[in-house]
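Nothing in this text is a laboratory measurement; each read-out follows from the coordinates by a stated rule. Every value quoted in this text rests on a predicted model; they were computed, and no experiment measured them. As a convention, Cβ positions derive from the backbone with ideal geometry for all residues, glycine included, and neighbour counts pool all protein chains shown.
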Amino acid sequence: MKIQHIFFDLDNTLWDHRRNAYLTIKDLFEKEEITLKYNIGFEEFHSVYHRINEKLWEDIRDGIIDKEYLRKHRFYDTFRYFNVDDQQLSMYFEEHFLDKILNYNELVEGATSILDYLKTKNYTLHIISNGFKEVTERKCILSGIDKYFQTITSADTVGVRKPRPEIFEYSLKLAGTIKQESILIGDDWIADVLGAQNFGMDVIFFDVLKENRQKEGLKVIQHLLQIKEYL
Ligand SMILES: [Mg+2]
């Protein structure tokens with residue numbers, strides 16, 4: 001059967017979460033004069049934050065912690081790494097981070113060109129995101145890519161996250177299609193690639209961090225425009 005529906009992951013596949021988060025935290029960091037008050041350099045702070053945040057998201061994905069735990073800990077644990085034990089300061093960062101990140105809407109390189117290309121080839125496009133529903137939709141609208149998508153599925157709406165099969169099932173139903181006519185494109189090895197494969201749906205791994213995973217017959221790209229090699 002011919003592929004007709006393309007399901008995109010959003011964060012770090014189309015919407016450049018890493019870049020937008022970096023810029024947001026930098027703003028907060030400078031506004032709060034953290035370097036001056038605690039003698040912490042921003043680049044080091046950010047790389048510690050990044051490591052802690054990625055680990056916490058993995059723990060959420062694996063069902064070890066919930067989102068509330070993540071929100072309480074990602075900045076708190078980062079500051080504590082630098083011997084700053086301050087819950088109020090950490091919560092200030094957390095609350096403003098979620099607020100302010102939507103002021104930045106940089107897309108991954110090639111995002112708009114590839115969406116235009118896929119549209120002209122008459123594919124129907126969708127989003128399946130593990131993010132918060134309202135945030136997912138606002139990211140699409142504010143970055144101007146909402147017009148490309150027929151449906152947007154967020155984990156919050158379904159009550160389960162990728163890689164669980166229920167979220168793929170839900171999204172296909174919403175799109176009015178079947179897995180044999182669909183493909184997923186995403187950057188997370190477990191949530192996107194293993195998730196889609198276990199569900200029985202074709203997938204393209206966006207290996208943006210050059211993890212160089214090898215798997216028989218796996219479709220891999222390192223730049224969004226390489227999607228043209230497959231679709
Ligand atoms: Mg992603």
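Brief remarks follow.
- The residue 42 and residue 133 beta-carbon pair, evaluated with R₀ = 22 Å, returns a calculated FRET efficiency of approximately 0.10.
- Dividing the summed -39500 (n - 2.57) terms of all DSSP H runs of n ≥ 4 by the residue count of the chain sets its mean residue ellipticity at 222 nm at -14000 deg cm²/dmol.
- For segment 95-139 and segment 169-190, distance of Cα centres in Å: 16 Å
- In this Cβ point-charge picture (+1 for Lys and Arg, -1 for Asp and Glu), the chain has a dipole of about 660 debye about its Cα centre.
- Stretching residue 150 away from residue 32 to a fully extended chain increases their span by 38.4 nm, per 0.36 nm per residue minus the current alpha-carbon distance.
- Between 178, 128, 25, the GNM of the chain built on Cα springs shorter than 10 angstrom shows 178 fluctuating the most.
- The loop-placed GluC sites (Glu not before Pro) in segment 1-92, going by DSSP, that have at most 16 neighbouring Cβ atoms within 10 Å of their Cβ come out as 32, 33.
- Degrees separating the helix 165-175 axis from the principal Cα axis of the chain, which is the longest one: 60 degrees
- Segment 34-136: trypsin sites (Lys or Arg not before Pro) in DSSP coil with no more than 11 other Cβ atoms inside 10 Å: 121
- Residue-count net charge about residue 9 - beta-carbon cut-off 10 Å; Lys, Arg +1, Asp, Glu -1: -3
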